[in-house]
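Here is the structure we will look at.
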Amino acid sequence: MLETALADEHKKLGASFTDFGGWNMPVRYGSDLDEHHAVRNYAGLFDISHMGEIRIKGDAANSLDFALISKLSELKIGKAKYTMICNEQGGIIDDLIGYRMAEDEYLIVANAGNREVVFRELSARTKGFDVTVTDESQDWSLIAIQGPMAAEILQQQVDIDLAQIKYYAIDAASLSGISVLLARTGYTGEDGFEVFVSNDQAAKVWNLLLESDTQLVPCGLACRDTLRLEAGMPLYGHELSLETTPCDVNLGRVVRHDKGESFSGSALGLLKDSTPKKLLFGIRGEGRRAARADYEIFVAGAETTIGTVTSGALSPTLGYPIAMAMLDGSLGLEIGSKLEADVRGTKVPYEVVELPFYKRGK
Amino acid sequence: MANPENLKYTKEHEWVLIDGDVATVGITQYAADALGEIVYVDLPKVGSSTSYMKICGEIESTKSVGELYAPMDGEVVEANDSLSSNPEGVNSDPFGAGWLVKIKFSSLPELLSASEYNALIGE
């Protein structure tokens with residue numbers, strides 16, 4: 001299994017580990033609930049170095065407009081966009097963040113488990129363009145600092161004014177003399193930054209941040225999952241898959257149809273105005289028994305399943321069970337629609353609610 | 001945390017404390033740690049009967065669901081009701097306040113000793 005440059009730091013902190021996308025990653029250091037609450041109420045530090053970084057240089061703007069579902073050519077330098085790479089049928093290969101680093105240069109961040117296929121697809125799809133596509137994943141560590149205090153903690157260590165980096169923007173900085181890239185992005189529903197740093201400096205940055213504020217909590221993937229679920233953010237392999245299109249997961253707005261020919265364009269164009277066969281909903285239950293991934297969902301009182309849960313847990317912040325579920329798109333389900341989940345043989349009440357489940361205060 | 005010498009164990013990571021014809025049953029620290037933060041415990045009702053290695057309850061953490069296997073045939077005489085409001089007690093004190101059920105039995109199957117259980121979990 002692959003290990004990040006921070007593996008020794010995690011072991012020193014007493015982390016438990018899990019296999020995630022072929023990487024041996026910290027799942028928790030102590031209590032995942034404490035880690036979850038730390039991010040909601042103060043700040044947490046995550047090693048997300050398993051993510052893939054792919055750089056495209058040259059006629060990158062045009063080539064990415066062709067290869068991806070968005071129009072990254074519109075991005076200003078230093079800004080980022082959430083996007084996806086889809087196959088010819090519109091099925092999602094991965095969800096990505098694209099950062100425009102320069103006029104002719106983009107950095108694409110892909111999920112760990114999809115890094116290779118994304119690199120392969122980007123290389124193949126951009127062949128007709130004058131570009132170089134480089135997989136830099138082995139060179140970068142990625143450390144996320146997330147939570148209401150994240151900016152304040154990070155500010156003490158860096159030489160630029162973080163107020164100038166808006167949400168979904170990126171800038172180069174020096175962190176106690178170490179060259180880093182700071183992106184105001186995240187996967188928790190809180191304000192925060194993702195710090196790109198070379199592998200040989202990663203442990204230094206990790207420890208500098210932890211030592212700078214004793215209330216900053218190292219956080220594992222367990223709480224990262226409950227945090228992103230509360231924030232209604234999809235996870236590849238759960239909400240997103242090759243069998244799912246952007247429209248199925250309410251992300252049709254990410255698709256741009258005004259950019260000429262693109263790899264998935266004709267398939268996604270056809271899907272644009274049709275009702276998706278299946279649609280992603282947020283649902284909530286009662287009590288403490290959570291419907292989890294793959295559990296079946298029914299209209300209350302009915303016998304036929306209308307779909308399955310894609311992610312579900314007892315929400316640590318809200319105190320009740322929440323789930324995202326991929327349900328029959330033709331039923332006209334709306335906020336308040338009464339459902340049931342089959343929780344290991346017992347049907348328990350659920351209802352459709354708005355996504356996200358949790359929104360941070362302004 | 002060491003697995004106490006005075007307890008018996010199952011390969012499904014339950015511990016058993018024998019006192020006369022009543023066994024107190026819980027899950028081991030190893031199992032509690034593997035599950036993560038426990039948020040819900042579903043225990044069998046008092047008076048229900050248990051069958052050896054049949055599922056009689058559920059222990060849910062934020063990340064997963066663990067099943068409680070009955071370590072013996074018998075009848076549930078007490079369930080730890082404090083866990084319904086304080087399920088994290090299983091994490092904080094698995095061999096003590098985090099006990100799950102008491103089962104009255106007439107005969108015992110073969111259970112693991114502490115050293116056999118240690119060997120099973122590689123400690």
Task: Search result, residues across segment A:55-86 that are closer than 13 Å to residue A:97 by Cβ and of a type outside the set (A, V, I, L, M, F, W, C) - done: A:70, A:79, A:81, A:82, A:83
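Of the residues that make up segment B:31-44, is at least one out of contact with any Cys (no Cβ under 6 Å at 6 or more places or on another chain) and within 19 Å of residue B:73 (Cβ to Cβ)? Before the answer, list the steps.
Step one: filter segment B:31-44 for residues out of contact with any Cys (no Cβ under 6 Å at 6 or more places or on another chain), giving B:31-43.
Adding the requirement that they be within 19 Å of residue B:73 (Cβ to Cβ) leaves B:43.
Looking through segment B:31-44, at least one residue is out of contact with any Cys (no Cβ under 6 Å at 6 or more places or on another chain) and within 19 Å of residue B:73 (Cβ to Cβ).
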Task: Any pair with Cβ under 9 angstrom, 6 or more apart, that starts in segment A:61-78 at a residue that is without any contact (Cβ under 8 Å) to a residue 12 or more places away in the chain and ends at one that is of a type in the set (Gly, Ala, Ser) - done: A:74/A:61
TODO: Please note which strands (runs of 3 or more DSSP E) are completely contained in segment A:1-91 and include at least 2 residues that are over 30 Å from residue B:89 (Cβ atoms).
DONE: A:23-28, A:52-58, A:80-86
Task: Identity of the residue in segment A:11-62, among the acidic types (Asp, Glu) and closer than 30 Å to residue A:121 by Cα, that ends up farthest from the chain's Cα centre (by Cα) - done: A:59
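Among the residues in segment B:27-41, are any assigned to a strand (DSSP E or B), more than 14 Å from chain A (Cβ to nearest Cβ) and farther than 30 Å from residue A:294 by Cα? Please lay out each step first, then the result.
Taking segment B:27-41 first, the residues assigned to a strand (DSSP E or B) are B:27, B:38-41.
Now narrow it down to the ones that are more than 14 Å from chain A (Cβ to nearest Cβ): B:27.
If we keep only those that are farther than 30 Å from residue A:294 by Cα as well, we get none.
No, because not a single residue in segment B:27-41 is assigned to a strand (DSSP E or B), more than 14 Å from chain A (Cβ to nearest Cβ) and farther than 30 Å from residue A:294 by Cα.
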Task: Single match in B:60, B:5 (criterion: assigned to a loop (DSSP other than H, G, I, E, B) and acidic (Asp, Glu)) - done: B:5
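State yes or no: is residue A:264 surrounded by fewer than 22 Cβ atoms within 10 Å (Cβ to Cβ), among the small types (Gly, Ala, Ser) and not assigned by TED's automatic domain parsing to the domain that holds residue A:64?
On the way: surrounded by fewer than 22 Cβ atoms within 10 Å (Cβ to Cβ): no; among the small types (Gly, Ala, Ser): yes; not assigned by TED's automatic domain parsing to the domain that holds residue A:64: yes.
For residue A:264, the condition - surrounded by fewer than 22 Cβ atoms within 10 Å (Cβ to Cβ), among the small types (Gly, Ala, Ser) and not assigned by TED's automatic domain parsing to the domain that holds residue A:64 - is not met.
Listed here are the residues, each with its yes/no results for (1) modelled with pLDDT of 95 or more; (2) among the small types (Gly, Ala, Ser); (3) over 22 Å from residue A:183 (Cα atoms).
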{"residue": "A:12", "(1), (2), (3)": "yes, no, yes"}
{"residue": "A:18", "(1), (2), (3)": "no, no, yes"}
{"residue": "A:53", "(1), (2), (3)": "yes, no, no"}
{"residue": "A:64", "(1), (2), (3)": "yes, no, no"}
{"residue": "A:81", "(1), (2), (3)": "yes, no, no"}
{"residue": "A:98", "(1), (2), (3)": "yes, yes, no"}
TODO: Specify the residue that is nearest to the other protein chains (Cβ to nearest Cβ); the eligible residues are those in segment B:8-26 that are surrounded by fewer than 21 Cβ atoms within 10 Å (Cβ to Cβ) and in a loop (DSSP other than H, G, I, E, B).
DONE: B:12
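The values are calculated or read from the model by the stated rules, or taken from the named source; none is laboratory data. Quantities reported herein were computed from a predicted structural model and do not represent experimental measurements. Heads up, the Cβs are rebuilt from the backbone with ideal geometry, glycines too, and the neighbour counts pull from every protein chain shown.
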